[in-house]
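The values are calculated or read from the model by the stated rules, or taken from the named source; none is laboratory data. Since we're looking at a predicted model, the values are computed, not measured. Here the Cβ is made from the backbone with ideal geometry for all residues, glycine too, and neighbour counts use every protein chain on show.
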């Protein structure tokens with residue numbers, strides 16, 4: 001259906017379930033930009049979009065606070081065993097007890113993935129008196145008193161609570177499996193608000209049933225339904241397990257921020273050529289200049305393209321008032337401002353520059 005409707009479309013906005021494949025992009029004869037109104041972009045063929053000169057934006061920070069707040073809430077709920085007590089009283093049973101109910105103060109929190117979410121969680125958890133440890137494959141400066149662990153096993157060994165905030169790289173499938181769970185402390189808690197496939201659900205269910213783990217909070221699953229309705233998981237009915245339907249970032253504030261952030265990025269690119277925060281493209285910004293004309297040129301990253309572009313401009317006696325080029329391994333993107341009027345012949349000549357992918361006149 002998308003393939004049928006995308007012809008002639010300049011801007012495409014999607015959510016996390018829409019697949020923007022190579023076939024879709026081939027059918028998009030006029031597409032300039034894709035806006036993903038979510039964090040993840042694995043549903044988009046980013047490399048092929050880049051080769052077609054199509055810029056992709058997402059909302060990487062918009063729901064950070066929402067996810068962090070849910071993580072904090074679930075850590076407290078699990079540590080206090082609130083969910084079992086709530087279930088009991090809903091069933092008409094009064095079971096007041098302090099057994100299995102502990103404060104988070106003084107407990108060790110292990111954060112796997114020290115990105116935007118992990119860092120903000122680190123700050124809030126430390127403010128509540130937790131000792132924070134983190135593990136990340138990338139070098140990252142510790143905030144506050146957080147301590148970096150050299151290996152995942154080191155983090156699992158030391159943590160009372162382990163919370164996952166890792167990306168959707170396919171290599172992260174079953175990142176936490178039977179071996180990793182066995183490396184965790186007896187009675188430890190596991191929180192997953194990242195990607196469903198990073199946890200081996202069968203191994204987790206077994207660890208919970210056997211008492212190896214003291215509880216878990218799971219918001220994401222390996223196979224999630226496309227719409228609201230019936231859902232089954234091996235984790236249902238287990239004690240001290242909080243299950244939510246992928247709502248970590250689903251707050252009114254987060255949705256409002258996404259609805260502002262992504263369109264602003266799209267309009268900035270359409271109107272000025274600004275690609276800062278693009279997922280798949282060289283990031284550049286050239287300040288707007290008065291009384292100038294702006295050309296955008298996207299090309300394969302081959303030697304001599306810039307010289308050819310400027311040679312065309314020189315042939316037509318056009319003076320450059322501002323120019324910015326940025327490249328990656330595959331494409332180059334240049335914004336050029338001219339301080340005088342031009343004729344249509346120069347546009348034709350620039351479009352014919354060898355290895356041109358897209359050329360656009362802004363104003």
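Annotation: of all residues in segment 232-243 being without any contact (Cβ under 8 Å) to a residue 40 or more places away in the chain and in contact with a strand residue (DSSP E or B) (Cβ under 9 Å, 6 or more places away or on another chain), the one that is nearest to residue 204 (Cα to Cα) is 235. Scoring residue 70 on the criteria (1) at pLDDT 95 or above; (2) buried (at least 20 other Cβ atoms within 10 Å of the Cβ); (3) in contact with a strand residue (DSSP E or B) (Cβ under 8 Å, 6 or more places away or on another chain) leaves a single failure, condition (3). Yes or no: residue 41 in a loop (DSSP other than H, G, I, E, B) and surrounded by fewer than 20 Cβ atoms within 10 Å (Cβ to Cβ)? It is false that residue 41 is in a loop (DSSP other than H, G, I, E, B) and surrounded by fewer than 20 Cβ atoms within 10 Å (Cβ to Cβ).
Matching residues to (1) under 30 Å from residue 183 (Cα atoms); (2) free of Cβ contacts under 8 Å to residues at least 24 places away in the same chain; (3) part of a loop (DSSP other than H, G, I, E, B):
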{"site": "68", "(1), (2), (3)": "yes, no, no"}
{"site": "72", "(1), (2), (3)": "yes, no, no"}
{"site": "76", "(1), (2), (3)": "yes, no, no"}
{"site": "94", "(1), (2), (3)": "no, yes, yes"}
{"site": "98", "(1), (2), (3)": "yes, yes, yes"}
{"site": "102", "(1), (2), (3)": "yes, yes, yes"}
{"site": "105", "(1), (2), (3)": "yes, no, yes"}
{"site": "111", "(1), (2), (3)": "yes, no, no"}
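Might you let me know whether segment 326-336 holds any residue that is surrounded by fewer than 17 Cβ atoms within 10 Å (Cβ to Cβ), more than 25 Å from the chain's Cα centre (by Cα), at pLDDT 95 or above and closer than 16 Å to residue 358 by Cα? No, that holds for no residue. Within segment 152-159, is even one residue assigned by TED's automatic domain parsing to the domain that holds residue 77, surrounded by fewer than 22 Cβ atoms within 10 Å (Cβ to Cβ) and part of a loop (DSSP other than H, G, I, E, B)? No; the residues of segment 152-159 include none that is assigned by TED's automatic domain parsing to the domain that holds residue 77, surrounded by fewer than 22 Cβ atoms within 10 Å (Cβ to Cβ) and part of a loop (DSSP other than H, G, I, E, B). Here is the figure for segment 15-32: residues that are within 30 Å of residue 196 (Cα to Cα) and either surrounded by fewer than 14 Cβ atoms within 10 Å (Cβ to Cβ) or in contact with a helix residue (DSSP H, G or I) (Cβ under 9 Å, 6 or more places away or on another chain) (or both) total 10. On the stretch given as segment 210-231, residues that are over 12 Å from residue 192 (Cα atoms) and out of contact with any helix residue (DSSP H, G or I) (no Cβ under 6 Å at 6 or more places or on another chain) total 13. Consider segment 301-322. How many of its residues are over 22 Å from residue 363 (Cβ atoms), surrounded by fewer than 15 Cβ atoms within 10 Å (Cβ to Cβ) and touching a strand residue (DSSP E or B) at 6+ places or on another chain (Cβ under 9 Å)? Residues meeting the conditions: 2.
Of the residues making up segment 78-92, just one is touching a residue at least 24 places away in the same chain (Cβ under 8 Å) and touching a helix residue (DSSP H, G or I) at 6+ places or on another chain (Cβ under 9 Å), namely 83. If you check 109, 152 for being within 19 Å of residue 64 (Cα to Cα) and modelled with pLDDT of 95 or more, only one passes: 109.
With the structure loaded, tell me whether residue 97 is at pLDDT 95 or above, farther than 17 Å from residue 278 by Cβ and surrounded by fewer than 18 Cβ atoms within 10 Å (Cβ to Cβ) or whether it fails that test. The answer is yes for residue 97. Pairing each residue of segment 24-42 that is assigned by TED's automatic domain parsing to the domain that holds residue 13 and free of Cβ contacts under 8 Å to residues at least 24 places away in the same chain with any residue that is surrounded by fewer than 18 Cβ atoms within 10 Å (Cβ to Cβ) and part of a helix (DSSP H, G or I), provided the two are 6+ apart or on different chains, yields C-beta distances under 8 Å for 24/2; 24/3.
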